[in-house]
Amino acid sequence: MAGREPMDAPSGSDERNVAVLLELGQAVCSELDLDAVLRRTAEAARTLLEAQGGSVWQWDEARQELYVAAAVGLGVAAVVGTRMKMGEAVVGKVVAEKKTIHIQDVLTDPVFGRAAGRVRESGIRALVNTPLLYRDEVLGVMGVYWESQREISQREIDLAQMLANYAAIAIRNARTYEEVAASRRRLAAHSRELEVLNR
């Protein structure tokens, strides 16, 4: 009987990536303050993928647009204060299609077109943008940026998607916590008003 093909042992790099992913995932998910979750996610994306920049775009359901909620390192100047509609630019396409988009060289990729100059000035040359999905709800987009053209591997895309899954849960938890806290504050204020009226 023929023996089974031996499985490749995980490389040191794979073990490091898993360890870093678990550590970062736990750090992101341990937060209940939304701003802290968003910043930690941007930092975690940069660290995990050994990139020079990271960002988190949040989806504003009421205005039907994305806005930058946190950004660290390379590309901050290019993204801070930016708003995008669904389907607009790379981040808008990520939301519309609910799938990761990676670009190995922003200067030659047609998706950027006239925006390539602004991106070039920011120092961004390659990127991965991954949707932050909670169940089927789009919460935003996690961006990772490099300063040089690069071959982005499937392994890097998978790592970005795994971190985005952790982050989406943490963002949903933090939003729920904020909603509950706001509701409690309203109830407490209403209760005080009733006490005053009943005196």
#### Entry: Nitroxide proxy distance, nm - points 7 Å out along Cα→Cβ at Leu22 and Leu107
4.1 nm
### Task
Just add up the charged neighbours of Tyr67: K/R +1, D/E -1, any other residue whose Cβ is under 14 Å from the Cβ of Tyr67.
-2
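Assign unit charges at the C-beta atoms only (+1 for Lys and Arg, -1 for Asp and Glu), then state the dipole size of the stretch 53-144 relative to its Cα centre in Debye, rounded to the nearest 20. List each step's numbers first, then the result.
Details: 11 positive and 10 negative charges, 35 e Å.
Magnitude of the dipole: close to 160 debye.
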### Query
What does the accessible area per residue of the stretch 34-174 come to in Å², with a 1.4 Å probe and no ligands, DNA or RNA counted?
45 Å²
### Message
Give me, ordered by chain and number, the residues 5 or more places off Leu132 or on other chains with an amide H under 5 Å from its own placed amide H.
### Response
Leu139, Gly140, Val141, Met142
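The values are calculated or read from the model by the stated rules, or taken from the named source; none is laboratory data. None of the values given here were measured: they were computed from a predicted structure. When we count neighbours, we look across all protein chains shown, and the Cβ atoms used for this are built from the backbone with ideal geometry, even at glycine. Surface areas here come from the heavy atoms of the whole protein model, side chains and all, with no ligands, DNA or RNA. Shrake-Rupley method; radii C 1.70, N 1.55, O 1.52, S 1.80 Å.
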